[in-house]
Amino acid sequence: MFIRPKKPEAEPLNRQTLRDLGYAFDEADGLMKSIATGNRYDYEHFPGDKKKNQAYYQTLINPASRQVSEILCTTYEMHTIAVPDARQPHCNIYATPRALSKDKLVVIVNGHGNFAGVWAWNVLTKDGLKAGSVTEYVRNCVLRGYGVLVLNPNENICAPDGVSETFNSYVGQITNITGSETPNEHVGYVWSRIIRPAAKHVVFVAYNTAGIAMIDLLKYDYERFTGKTAGIAFIDSAHSTFQLSSGPLAWLPRCSKQWVTAAEPQGCAVSNELVGCPSVSAGNQSDCRELTPWICMNTVLDFIDQCFERGPVVDVEEFGPEDILDLAEGSDSENEALDMSNLESIRVLNAGEAAAAAQDGYCGWD
């Protein structure tokens, strides 16, 4: 007898908040604690049952991550900007009051997979808001008088109830978000439609895979990008300079810096030829790589101050062909410099696209 295979069921929509699950971030120290007992999250909630403990932990990840967005709005008075707009499937980015009208704007972009404003969900749940999210970066930038924009590169889809999701957070029927189909497209859309028309001077903080999107901006909109951008702080960035032209190759070492997870003391130079800019140790001596953005925060903030004090550098002298070859030394093959999961981000504009770009400001994102 033929038995029709059962179709896999979509995961039910889970809109429980962190408070619904009995936890909250402590206002004093930012740690995630039980509302009932005041104790920190216990990884042995079910003593001796590893499978059950893991399942319980997984139920807290998304509500804890989404709580960061709420805290950005309530504690830091950030408001949401819908991308592309609120009349259709969209995700939100977060802006401090009058951020785009300030002379100095800091744009923070987190890395792969996480909700807006979250460096790493494992650090968020274990070590709290300060270490696991962008909240301390936002607080310190606001104290310096800077406007702050927190982008949302990973919420690329919408569930049937209209709530934006990451590909890691939802299984079921989805709608792609126009302009944010991929993390790189999200960054490009926000740059060309929101930041570029309004901002005066910008410094980017790009963590992990967000660095690849920064290289796209340099590649596809070099003159307008460098005309407004005073610097890029890369943190454990996954980018490379493969296929960059001489202008971006000359701009990167003068206007950007990379902090990497390394054993050397904080600030010590670290060799990293592929990224095209000075690299220093973040000083992360722990066994948790995801703590790096928190550990190097003060030195990143110092770099941001220096970039704004100097302003954008628009008179970069271009390298000659022999200098470009020197930068590529140390790589056995061209493909070593590529992130193979982001091949679409390294394509070169053809002649027709380049001509169109001069007319309508096309930056490489459809």
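Descending by average beta-carbon neighbour count within 10 Å, the peptides 174-184, 19-29 line up as 174-184, 19-29, the highest first.
Computed from backbone phi with θ = phi - 60° and the Karplus coefficients 6.51, -1.76 and 1.60, the 3J(HN,Hα) list for region 159-172 is 6, x, 8, x, 7, 6, 9, 9, 5, 7, 9, 8, 10, x Hz; x is used for glycine and proline. Judged by the mean number of other Cβ atoms found within 10 Å, the most tightly packed of the peptides 49-57, 242-250 leads the ranking 242-250, 49-57. Nonpolar atom fraction for region 93-252, defined as the carbon and sulfur part of the 1.4 Å probe accessible area, stands at 47 percent. Within region 111-148, name every residue whose backbone N is under 11 Å away from a label modeled 7 Å from Cα of E44 along the Cβ vector. It comes to no residues whatsoever.
Charged side chains reduced to their Cβ positions (Lys and Arg at +1, Asp and Glu at -1) give region 190-238 a dipole of some 260 debye around its Cα centre. Sorting the segments 302-310, 252-260, 104-112, 87-95 by their mean number of nearby beta carbons within 10 angstrom, highest to lowest, gives 104-112, 252-260, 87-95, 302-310.
Note on E181 and E223: their simple-model spin labels are 2.8 nm apart, each label 7 Å out from Cα toward Cβ.
Counted residue by residue at 0.36 nm each, then reduced by the alpha carbon distance between them, the extension gain from K200 to I174 reaches 5.7 nm. Approximating the spin labels as points 7 Å out from Cα along Cα→Cβ, the Y56-to-R87 distance works out to 4.8 nm. At an R0 of 30 angstrom, the distance between the Cβ atoms of L143 and S286 translates into a FRET efficiency of 0.65.
With R₀ fixed at 35 Å, the C-beta to C-beta distance from T37 to Q306 puts the FRET efficiency at about 0.20. For V205, the amide hydrogen comes within under 5 Å of the amide hydrogens of V107, I108, V109, A233, counting only partners 5 or more places away or on other chains and with H modelled in the peptide plane. For region 266-277, the Karplus equation 6.51 cos²θ - 1.76 cosθ + 1.60, evaluated at θ = phi - 60°, returns couplings of 4, x, 5, 5, 10, 6, 7, 5, 6, 7, x, 8 Hz by residue, with Gly and Pro reported as x.
The values are calculated or read from the model by the stated rules, or taken from the named source; none is laboratory data. Please read these numbers as outputs of a predicted model, since none were measured by experiment. Ideal geometry is used to build each Cβ from the backbone, glycine not excepted, and the neighbour counts take in all protein chains shown. Ligands, DNA and RNA are excluded from the accessible area calculation, which covers all protein heavy atoms including side chains. Shrake-Rupley method; radii C 1.70, N 1.55, O 1.52, S 1.80 Å.
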